[in-house]
Amino acid sequence: MDEQTVTTEQANPVESTLMGSEDGGDNLDWKSSLPEDIRNEPTLQNFKDVESLAKTVIHQQKAMGSRIPLPKTDEELSEVYNKLGRPESADKYEYQLNEEVKQYFDEGALSRFKEVAHANGLNNKQVQALIDYQSGELAEVIQNEPSQLAAQKIETEDYLKKEWGAEYDRNVRAAQRALQVYGDEEIIDLMNTSAGNHPAVVKLFAKLGKEITEDMAQNTANNRLAVSPLDAKMEIEQVFNNPNHPYFKDQHPEHKAAVERMRELHEKVYGN
């Protein structure tokens, strides 16, 4: 062989071993250049050459770069929360409140909720989900409230009918009279809630109603019954002369109140 002719294998035997021979030689020879303690590692048997090994390493490094390591300290946990979308501070949360139930969300309670949410790493999406859940619960309660009040009313009526017996109607009228004489707008609104269906409350107003005299009624600022028999009779005639009065229209929202008013006026004119 000519001394000046040097083959690739002779010039760089390591490179030749790593890259393999051009004539289709054993491509696994690249591992022969590795130290003996790792040369026969089972993992390396999956790579036919250095190129495939390099691609795998690059891919794994990219994947590792997008992962969040398990936090070991409070500081690291806080950093994870921030990466997952927690806002900078509790007052930075953004969410929408359902208009139907918005009035039932107290600002102070919302502020405390946001503080707890921030301390526990919640992001905007999670906070919105919790608020939506609470809004749904409130909406269901509001929707079912009329039927619940009706059920309570029936239960109270049955209870009082058993206790009062034949005096039931008279006692109920006395309770209504006391409410109309002494009850201001706030009390009347309260009596339209479940509080007004409690038997003890109805009995209290019935007792007050029995003690109302004409003089007491005339000196009561909220009284609607302090009218003379003559005035009561005139009001009855006015109602009968008005065919559009709620008293004559069963579907009118004020029909029930008008019927009760007429009963009271007749009681004023003609007695019990």
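Residue by residue through region 163-175, which ³J(HN,Hα) values in whole Hz follow from phi under the Karplus form 6.51 cos²θ - 1.76 cosθ + 1.60 (θ = phi - 60°), with glycine and proline marked x?
My calculation for region 163-175 gives 6, 8, x, 5, 8, 4, 4, 5, 5, 5, 5, 5, 5 Hz in order.
Under 20 °C and 1.002 mPa s, how fast does region 36-155 diffuse according to Stokes-Einstein, given a Kirkwood radius computed over C-alpha pairs? Answer in µm²/s, whole number. Before the final figure, lay out the partial values.
Values: Rh = 19.5 Å.
Value of D from the Cα-based Kirkwood radius: 110 µm²/s.
Whole percent per 5 Å bin, from 0 to the bin with the longest distance: what is P(r) over all C-alpha pairs of region 74-141?
Percent of Cα pairs in each bin: 3, 17, 27, 23, 15, 9, 5, 2, 0.
How many nm is it between the label spots at residue 58 and residue 130, if each spot is 7 Å from the Cα in line with the beta carbon?
4.5
Note down the net charge around residue 147, summing +1 for each Lys or Arg and -1 for each Asp or Glu among other residues with Cβ under 14 Å from its Cβ.
Working: positive: 153; negative: 140, 145, 155.
Combined, the nearby Lys, Arg, Asp and Glu give -2.
Full-extension gain between residue 250 and residue 267, please, as 0.36 nm times their residue separation minus the C-alpha to C-alpha distance.
Working: separation 17, 0.36 × 17 = 6.12 nm, distance 2.18 nm.
Stretched out fully, the residue 250 to residue 267 stretch lengthens by 3.9 nm.
Any lysines with Cα under 29 Å of the residue 114 Cα? List them, leaving off those in the same chain fewer than 8 positions away.
Those lysines meeting the cut-off are 72, 83, 92, 102, 125.
I need the calculated FRET efficiency for the pair residue 211 and residue 152, taking r as the beta carbon distance and R₀ as 25 Å, to the nearest 0.05. Mind dumping the intermediate values first?
On the way: r = 27 Å, r/R0 = 1.07.
For R0 = 25 Å, the calculated efficiency reads 0.40.
Between residue 240 and residue 38, what length comes free when the chain is fully extended (0.36 nm per residue of separation minus the Cα-Cα distance, one decimal in nm)? Spell out each step's value before the answer.
Details: separation 202, 0.36 × 202 = 72.72 nm, distance 10.86 nm.
Full extension of this stretch gives 61.9 nm more.
Run the reach check for residue 31 against lysines, Cα to Cα strictly under 26 Å, same-chain hits fewer than 8 apart removed. What comes back?
48, 55, 62
Read the figures in this text as sums done on the coordinates, not as results from a lab. If you're wondering where the values come from, they're calculated on a predicted model, not measured in any experiment. So basically every Cβ, Gly included, is an ideal-geometry build from the backbone, and we count neighbours across all protein chains shown.
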